[in-house]
1. When only residues in region 20-32 that are closer than 20 Å to residue 123 by Cα, out of contact with any helix residue (DSSP H, G or I) (no Cβ under 7 Å at 6 or more places or on another chain) and not aliphatic (A, V, I, L, M) count, which is surrounded by the fewest Cβ atoms within 10 Å (Cβ to Cβ)?
2. When you check residue 25 against the structure, is it modelled with pLDDT of 80 or more and part of a loop (DSSP other than H, G, I, E, B), yes or no?
3. Touching a Phe, Trp or Tyr at 6+ places or on another chain (Cβ under 9 Å), part of a strand (DSSP E or B), of a type in the set (A, V, I, L, M, F, W, C) and modelled with pLDDT of 65 or more - does that describe any residue in region 75-83?
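The values are calculated or read from the model by the stated rules, or taken from the named source; none is laboratory data. Bear in mind the structure is a predicted one, so any value in this text is a computation, not a measurement. In this analysis, Cβ positions are derived from the backbone assuming ideal geometry, glycine residues included, and neighbour counts consider all displayed protein chains.
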Amino acid sequence: MNKEIYVVVGILLALSLFFVGFIGPWYTIQGEFFGVEASIDISFFETKLNAGSALGSFSMDIDRGATDTTMYIALLTILCTIISCIGVIGSIYPFGKSLLMQKIGELFGGITVVVAIVTMIYYWTHLPDISNLEPYGVDGEIGWGFFLFLIAAVVLFSGIVYSRMTRE
């Protein structure tokens, strides 16, 4: 198999991980209240409440009126990833100047990794404070969407580095 195929697969995998991570929950709050276990998944678009006990369970969507600044930074990350994908794929399968497309792909790949890290740090520093609820059995943790963003940044960085290595 051609080495460039690995680069294309890696870049497209990173793009898909960014999309799925963007849609997934970034923070989860779990607890048990008077025998009812509940979890709240907080994502950029919606907040879901799931609860259940021995008597039954219910699920409810909570509409979030305001969007987080993190969502806009994450959208910028996805946009930079798309531009990086176009640049890297354009340097492998030339539909422009190969060297220029390679530089665009590498530049925007680096910018994407930095913006993804800024997104995660910004979100980490603005997590909801639920420390006053810990005595009542309520616990909060980072959701899987946050971790997928981190994995996507690592995969994209690896793809960009491997793309550079295949050309030298």
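1. Within region 20-32, the match that is surrounded by the fewest Cβ atoms within 10 Å (Cβ to Cβ) is 30.
2. Criteria met by residue 25.
3. No, that holds for no residue.
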